[in-house]
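*Asks:* Take a look at the following structure, please.
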Amino acid sequence: MIEEKDDRVTVETISQALADLRFSVSEFQDIIEQYLTAVEELWREAKSHLASIEARLAGMEVQFSINSADAGVDQWGPENIKTILNDLNEVGHELTKMRQRFHSFTRGTLDRIN
């Protein structure tokens, strides 16, 4: 950053070096802020999505326990069982996608750090 001219350091050279370093620090702060904002947004989105999955599972548990108490699982019929299994499968796929997205994000972060 400091360029030497004829082995002399001038006030202008020092002033420019200070300005360059100050700009570098500011730029680095901006990059860190952008990263932390992205992490915060991802976390908010993940928490919201996980809360909706939990609510959906809780609703399915309630429905299952009410129907089981009323009729017993043997009397549910194949359509009701198929519907519940499809719902469980769908929730499992959503959770798998979320995990994959999270792992991709963290791997990308580690790759950028290293």
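Values quoted throughout were computed directly from the atomic coordinates according to the rules given, and no laboratory measurement underlies them. Just so it is clear, the structure is predicted and the values come from calculations on it, not from any experiment. When we count neighbours, we look across all protein chains shown, and the Cβ atoms used for this are built from the backbone with ideal geometry, even at glycine.
*Asks:* Kindly state, as a whole number, the per residue volume in cubic angstrom of the convex hull around the alpha carbon atoms of the chain.
*Replies:* Spelled out: Cα convex hull of the chain, divided by residues, is 99 Å³.
*Asks:* Turning to a different aspect of this structure: Helix 11-71 against the longest principal axis of the chain: what's the angle in degrees, Cα atoms only, rounded to the nearest 10?
*Replies:* On a 0 to 90 degree scale, this one is about 0.
*Asks:* Right, something else. Note down the nm distance, to one decimal, between modelled labels 7 Å out along Cα→Cβ at residue 13 and at residue 44.
*Replies:* 4.9
*Asks:* Give, rounded to the nearest 20 debye, the magnitude of the charge dipole that segment 11-113 has about its Cα centre when Lys and Arg contribute +1 at Cβ and Asp and Glu contribute -1 at Cβ.
*Replies:* Magnitude of the dipole: close to 220 debye.
*Asks:* Hey, another quick one. Applying 1/(1 + (r/R0)^6) with R0 = 35 Å to the Cβ-Cβ distance of residue 112 and residue 85, what FRET efficiency is obtained, to the nearest 0.05?
*Replies:* The formula returns an efficiency of 0.30 here.
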